[in-house]
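Worksheet for the structure shown next.
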Amino acid sequence: MENDDYQPHLRRHKNSYLKWTESKVLEFLELLLDLVEDVPESLEKPTAYKSSILKWATESSSSEALISGSSAKSESTDKMLSMRTQRPANAKHKPPKQLHPQDQQQQPQQQQPATPQKQAMSADERKATKKSLVIVVAIFVASLTAMFYVYAIFPELNASEKQHLKIPRDIQDAKMLAKVLDRYKDMYYFEVMFGVVVAYVFLQTFAIPGSLFLSILLGFLYKFPIALFLICFCSALGASLCYTLSNLVGRRLIRHFWPKKTNEWSRHVQEYRESLFNYMLFLRMTPILPNWFINLASPVIGVPLHIFALGTFCGVAPPSVIAIQAGKTLQKMTSSSEAFSWTSMGVLTLCACASLLPGLLKNRFKKKSA
């Protein structure tokens, strides 16, 4: 009884399996017919081509349901074959394109992705690299020597004053250093000035934070014209030295890590080459890009050194005015953010926009004349 009851169940599963197999085989046949682009000329009738495929399907299957299903789908197959084989009377069978022997050798090379291989440096490149490293080391050693020389020629300080003779990291360090330097400024005027200038240039050259506190310190120690000139001079000199270091060593690194950005900025520099000075002023007046990034990226994207140095000297003047004014009230300040108010930021924005006007007008007149 159990076997008799189970037979219909097996037949149902068998029929469903045969139907599923039939559908899959027919899908394969339709896909095969779609992939056939040109029927061979030896087969004059599409039915012969179709019957050969169906014969293969019949022989490969032992199910009568599959054969009957294949014959039931013959009309759709006939239509597909007729669409494939309908060609103009003057159409000729195109033989497959034969590649030239050289093309056959180049084809596998094009398919393989090009992997950059490390090439040995030439004698000139090795010489240039050694020269660049020697110059960088010489600049660093000269900067350290100048810092030690400043410390050596400085007047004798007591223990409580020596602990404050360091590069300021916050507004409290700037306050304590200002008290120490103000005590010796009148008697050792040039020594104090030389020490602050060397420290300022050192920070700018090696992109070390802290130059803002030295700007406020110069505003506290000296009169406005002297403080403004010293800040602009130190910023331009230190940025130019950082430019030189980047040109010697950092060019390859920046182009390696940011190739797309570097190429994009280089195109902009070439497009607005006549207005680079105005754009340098704008970048120095606004905090859109940090100064250390401008110093490192400028030689890589092709900004000339003389435009870079002059733009830096003039561009840092408006922010330096604000820092000098803050230096006059240094002892009352509790944070460096107090140096920049909304009014001062508005003035800087106006100055930055005004610096762009000549370049924009020049480019506009140039396009109209063209």
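The values are calculated or read from the model by the stated rules, or taken from the named source; none is laboratory data. What you see is a predicted model, and the numbers here were worked out from it, not measured in a lab. Cβ placement follows ideal geometry from the backbone for every residue including glycine, while neighbour counts extend to all protein chains displayed. Areas reflect the complete protein model, heavy atoms only, side chains present, ligands, DNA and RNA absent. Shrake-Rupley method; radii C 1.70, N 1.55, O 1.52, S 1.80 Å.
Computed values, structure above
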{"read-out": "Matching option when the condition is open to solvent by 70 Å² or more (accessible area, probe 1.4 Å), assigned to a helix (DSSP H, G or I) and closer than 26 Å to Phe224 by Cα, among Leu283, Leu360, Leu348, Leu310", "value": "Leu310"}
{"read-out": "Residues of segment 165-216 that turn out to be more than 29 Å from Ser246 (Cβ to Cβ) and either of a type in the set (Asp, Glu) or part of a helix (DSSP H, G or I) (or both), as a count", "value": "17"}
{"read-out": "Segment 270-295 residues that are free of Cβ contacts under 8 Å to residues at least 60 places away in the same chain, paired with ones that are aromatic (Phe, Trp, Tyr) and surrounded by 11 or more Cβ atoms within 10 Å (Cβ to Cβ) (beta carbon under 7 Å, 6 or more apart)", "value": "Met280/Phe308"}
{"read-out": "Among the residues listed as Phe206, Phe229, the single one being open to solvent by 20 Å² or more (accessible area, probe 1.4 Å), hydrophobic (A, V, I, L, M, F, W, C) and modelled with pLDDT of 95 or more", "value": "Phe229"}
{"read-out": "Any chance Ala323 is closer than 30 Å to Lys179 by Cα and in a helix (DSSP H, G or I)", "value": "yes"}
